[in-house]
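Written below as structure tokens is the structure these notes are about.
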Amino acid sequence: MAIFDLFSKRQKALRGDVPDVYVYDYLPSPLRVQIVHIWADSIGGDSDYYDYTHGDRVRSGYKFIVDTLCREYGIFQLPTAEKYQDRMYLKELANFLLQEEDVERQLDVVELSFRYIDRLTREYYLYRDDASKIADNAIDELNSRFKEHGVGFQFIEGEVIRVDSELLHIEAVKPALRLLNEKDYQGAQQEFLSAYEHYRHGKYKESLNDCLKSFESAMKAICDKRKWPYQPNATAKALIQVCFDHDLVPSFWQQQLSSLRSMLESSIPTGRNKLSGHGQGTTPTVVPDYLVAYMLHMTASTLVFLTTAEKNFK
């Protein structure tokens with residue numbers, strides 16, 4: 001459904017009463033209500049629940065989401081479930097999202113439900129011709145609502161991703177995930193998503209470790225695609241050298257962009273090695289979140305560069 005620029009929204013914008021920084025520790029109640037509305041448009045709402053033609057499909061969708069959450073949480077039903085003889089899964093899920101106070105569990109619901117919309121409701125073409133368009137619109141509206149409320153998350157490639165800089169996110173993170181979505185880079189994609197997930201949960205050292213793993217996996221995938229030999233235990237530095245030796249970056253660029261090798265060799269691996277790769281001794285190493293955010297975006301930019309260079313390699 002289209003997002004309307006209501007009078008009240010325009011007035012808030014004129015007064016400057018709009019978020020200018022992202023928040024990560026809660027989902028506003030109006031946002032959660034809007035998410036339930038998006039479910040109704042894409043999976044089905046109250047009027048569809050007992051529809052003779054589509055009711056089973058709608059009920060099975062919400063049942064799958066609720067059952068998955070219950071199994072993962074180790075419970076038999078969500079805490080907000082009402083004691084109906086015939087469980088109302090839509091109502092149970094909606095009430096849980098609206099009443100749950102833990103933002104990570106709120107995001108569990110968002111991620112799982114929109115993953116269902118993204119991957120399974122597209123199969124509704126058997127019932128409606130525009131099923132895939134409805135799924136795309138649902139995801140677009142969710143991401144627009146996140147921005148509208150100043151909440152620093154986006155749903156991309158089946159994952160809820162933390163956003164720190166809108167420009168960096170658009171120019172680096174989204175292209176990286178799109179390029180890594182190819183089967184050759186699945187390992188690198190999983191590790192990059194894992195780095196973001198660790199970052200979202202405040203596990204900054206683990207995030208840096210997965211940044212490096214993703215960087216190395218991408219270079220190994222490129223070497224495998226091009227049949228460039230490398231040692232199985234090759235480190236980032238050795239893999240960079242293989243890529244340069246085979247002119248993944250043309251020699252005249254290597255000379256003019258002398259800082260590129262320094263960035264590739266030192267920025268991602270060194271950030272990881274100094275802060276998370278070795279024993280921390282008697283004093284725990286503190287990794288600041290802003291530095292990890294920088295490393296994530298640097299990793300994303302480097303992955304875009306490498307995978308795009310491989311695509312254009314002659």
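The values are calculated or read from the model by the stated rules, or taken from the named source; none is laboratory data. Predicted model only: the values in this text are computed from it and were never measured. Methodologically, a virtual Cβ is constructed for each residue, glycine included, from the backbone with ideal geometry; neighbour enumeration extends over all protein chains shown.
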So ARG145, is it of a type outside the set (Gly, Ala, Ser), in contact with a Ser or Thr (Cβ under 7 Å, 6 or more places away or on another chain) and in the same structural domain as TRP39 (by TED's automatic domain parsing)
no
Restricting attention to region 212-236, and to residues there that are more than 28 Å from the chain's Cα centre (by Cα) and of a type in the set (Lys, Arg), which single residue is surrounded by the fewest Cβ atoms within 10 Å (Cβ to Cβ)?
LYS227
Among the residues of region 287-309, which ones are assigned to a helix (DSSP H, G or I) and of a type in the set (Val, Ile, Thr)?
VAL292, THR299, THR302, VAL304, THR307, THR308
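Could you go through region 236-250 and let me know if any residue there is within 30 Å of ASP108 (Cα to Cα), part of a helix (DSSP H, G or I) and either out of contact with any Cys (no Cβ under 8 Å at 6 or more places or on another chain) or modelled with pLDDT under 85 (or both). Even if it seems obvious, please write down each step before you answer.
Looking only at region 236-250, we keep the residues that are within 30 Å of ASP108 (Cα to Cα), and these are none.
Within region 236-250, none of the residues are within 30 Å of ASP108 (Cα to Cα), part of a helix (DSSP H, G or I) and either out of contact with any Cys (no Cβ under 8 Å at 6 or more places or on another chain) or modelled with pLDDT under 85 (or both).
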From the option list SER301, SER276, single residue qualifying as under 21 Å from VAL173 (Cα atoms) and either surrounded by 13 or more Cβ atoms within 10 Å (Cβ to Cβ) or modelled with pLDDT under 85 (or both) is SER301
Those helices (runs of 4 or more DSSP H) lying entirely in region 15-78 with at least 2 residues among the hydrophobic types (A, V, I, L, M, F, W, C), within 23 Å of the chain's Cα centre (by Cα) and modelled with pLDDT of 90 or more:
29-42, 55-73
Out of the residues in region 183-211 that are modelled with pLDDT of 85 or more and over 15 Å from MET295 (Cβ atoms), state the one that is surrounded by the fewest Cβ atoms within 10 Å (Cβ to Cβ).
GLN186
I'd like to verify a number: residues in region 192-236 that are touching a residue at least 12 places away in the same chain (Cβ under 8 Å) and on the phi > 0 side of the Ramachandran plot, how many?
1
